[in-house]
1. Just the residues that are over 15 Å from A:Leu153 (Cβ atoms) and β-branched (Val, Ile, Thr), please, taken from the stretch A:207-249.
2. Assigned by TED's automatic domain parsing to the domain that holds A:Asn94, small (Gly, Ala, Ser), closer than 19 Å to A:Leu100 by Cβ and part of a loop (DSSP other than H, G, I, E, B): which single residue out of A:Ala225, A:Ala286, A:Ala290 fits that description?
3. Could you tell me which residue of the stretch A:201-221 is farthest from A:Leu134 (Cα to Cα), considering only residues that are among the charged types (D, E, K, R) and modelled with pLDDT of 95 or more?
4. Mind checking which residues of the stretch A:70-98 are among the hydroxyl-bearing types (Ser, Thr, Tyr) and either in contact with a strand residue (DSSP E or B) (Cβ under 8 Å, 6 or more places away or on another chain) or closer than 21 Å to B:Glu118 by Cβ (or both)?
5. Are any of the residues in the stretch A:213-231 surrounded by 20 or more Cβ atoms within 10 Å (Cβ to Cβ) and more than 16 Å from the chain's Cα centre (by Cα)?
6. Which of the numbered conditions does A:Asp239 fail, given that it passes all the others? Conditions: (1) more than 11 Å from every other protein chain (Cβ to nearest Cβ); (2) buried (at least 18 other Cβ atoms within 10 Å of the Cβ); (3) part of a loop (DSSP other than H, G, I, E, B); (4) not aliphatic (A, V, I, L, M).
7. Tell me whether the stretch A:224-240 contains one or more residues that are more than 21 Å from B:Lys158 (Cβ to Cβ) and not hydroxyl-bearing (Ser, Thr, Tyr).
8. Looking at A:Ala218, A:Ala150, A:Ala162, A:Ala229, can you tell me which residue is small (Gly, Ala, Ser) and farther than 30 Å from B:Phe149 by Cβ?
Amino acid sequence: MKPRNPSLPAVLLLLAVLIAGCASVTKLGTQLGQGAGAISEEQATSINRSAEALEKTFADITLEQEYYIGRAVAATILQTYPAADEPAANAYLNELGQALAMASDRPQTFGGYHFLLLDSEEVNAFAAPGGLVLVTRGLVRCCGSEDALAAVLAHEIGHVQAKHGLRAIKKSRLTSALAILSVEAARNLGDEDLKQLTADFEGSIMDVTQTLVNNGYARGLEKEADEAAVAILGRVGYDPRALVMMLVRMGESVKPGGPGFGRTHPTPQDRIGALDPSLANKPVVADPAARRARFTRAVGDV
Amino acid sequence: MRMWRRGLLALAVMAVGAVAWAAVQQMSVQVRTGQLRATPSHLGKVAAAVAYGDRLTVVQKQGAWYSVKDARGRTGWIHESALTTKRVVLKAGDADVAAGAGGDEIALAGKGFNEQVEGEYKAQNAEADYAWVDRMEAMVVTPEQAVAFLAAGEVVAKGGAQ
């Protein structure tokens, strides 16, 4: 009896196993498939191409690398927007922020969430990858209550949670950096590799910082962060409508196209319009005296 | 011939099972410090800490929480954001790398954008304010402190914890 080619279903099943197991062996799988005559060369090329494309997106950045990107992005933004050295305000921001981050869909990042007040009148906030959140005095002043400030921080946590910052990194840089990484798996890096990796890193920091400071995210990502904020506020027990109240106040003080959120975010009116209308029907959450008092004490005169 | 085909199918099915089983059974900690909690909730008491690269055996999953056991036999619930299905390899030239495990199966710790690259970046960008980034990272609020903060502000979760 002469051995025959395996059947098509068997080859496809084997291929599925190989692809599920490890993308880098996809080529071997497609070669097997071709050899058995189950798939054409064209199909094999297409499978290989999509497997390779999968390997080079922001999702391939490990949390540890995200942490180093986030540190550099924060350090770079702090060049333009200096930190406010106010221990009481910063301690309060960190307590509130941590309580919110814990209830997010991504409570754990490599280095954890940390929050800092920026000494700037501009209405602005930045979420560096990995959880370093920076908020200006100008924005904190737009918040009339702890619930409203919670809405601001929860929105920024929403950006961290969905890794929006990392998405701003150009694909070519990731492709280059990840290629070096596969070399690094086997041995330590030479000078040339380290130089290239540093250039990729620098480029990545520029991509993220540009997006955070100048260009802003696409509307869809801002909506996603607002929705994450509403979810987090609800889970923790803050008033989800505080986001709307904060946006109304912001609408009064932010000029469209002006510095800060005016340039990088959709108008507050647009953001309110994009929120779930059922938000208005949610029960009112009380703002007890103890909460009002500590808000005033910590950030009442920033 | 028939038997050969059937044998191949059976092998493929076993391979699928093995991949799925391995992926479900063992996970690695992908954050510097992972929190093992007593209950599957963000308000659950933190019972123990696990470190980057630790391999955990999954007992069960509930929503975003895994019930796990570490190498020392400690058990608890850990949020999925702290875990990866990849094996975290702590040293270059590690046996896992030498054995040819693909990039999709392992994550190299301390590689790529790392402390060394940060050092190069700092040298070229002297104005970048890393001093404040370090101060910021030193502002640590423990889960217990965060829970106490919410209680002091009378912030009460509706419908219980997630």
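The values are calculated or read from the model by the stated rules, or taken from the named source; none is laboratory data. These numbers were taken from a predicted model, which means no experiment stands behind them. Note that each Cβ is placed from the backbone with ideal geometry, even for glycine, and that neighbours are counted across all protein chains shown.
1. Result: A:Val208, A:Thr209, A:Thr211, A:Val213, A:Val244, A:Val248.
2. On the way: A:Ala225 fails: part of a loop (DSSP other than H, G, I, E, B); A:Ala290 fails: part of a loop (DSSP other than H, G, I, E, B).
Checking each option against the conditions leaves just A:Ala286.
3. In the first step, residues of the stretch A:201-221 are kept if they are among the charged types (D, E, K, R); the result is A:202, A:207, A:219.
Applying the additional criterion that residues be modelled with pLDDT of 95 or more yields A:202, A:207.
Working: A:Glu202: 21, A:Asp207: 18 Å.
Out of the qualifying residues, it is A:Glu202.
4. Quick first cut of the stretch A:70-98, residues among the hydroxyl-bearing types (Ser, Thr, Tyr) only: A:76, A:80-81, A:92.
Answer for the stretch A:70-98, where residues must be among the hydroxyl-bearing types (Ser, Thr, Tyr) and either in contact with a strand residue (DSSP E or B) (Cβ under 8 Å, 6 or more places away or on another chain) or closer than 21 Å to B:Glu118 by Cβ (or both): A:Thr76, A:Thr80, A:Tyr81.
5. Of all residues in the stretch A:213-231, those surrounded by 20 or more Cβ atoms within 10 Å (Cβ to Cβ) come to A:217, A:222, A:225-226, A:228-230.
Filter once more, so that each one left must be more than 16 Å from the chain's Cα centre (by Cα): A:230.
Yes, the stretch A:213-231 contains at least one residue that is surrounded by 20 or more Cβ atoms within 10 Å (Cβ to Cβ) and more than 16 Å from the chain's Cα centre (by Cα).
6. Here A:Asp239 meets the rest and fails (1).
7. Filtering the stretch A:224-240 for residues more than 21 Å from B:Lys158 (Cβ to Cβ) gives A:224-225.
Now restrict to residues that are not hydroxyl-bearing (Ser, Thr, Tyr): A:224-225.
Yes; the residues of the stretch A:224-240 include at least one that is more than 21 Å from B:Lys158 (Cβ to Cβ) and not hydroxyl-bearing (Ser, Thr, Tyr).
8. On the way: A:Ala150 fails: farther than 30 Å from B:Phe149 by Cβ; A:Ala162 fails: farther than 30 Å from B:Phe149 by Cβ; A:Ala229 fails: farther than 30 Å from B:Phe149 by Cβ.
On inspection, the qualifying residue turns out to be A:Ala218.
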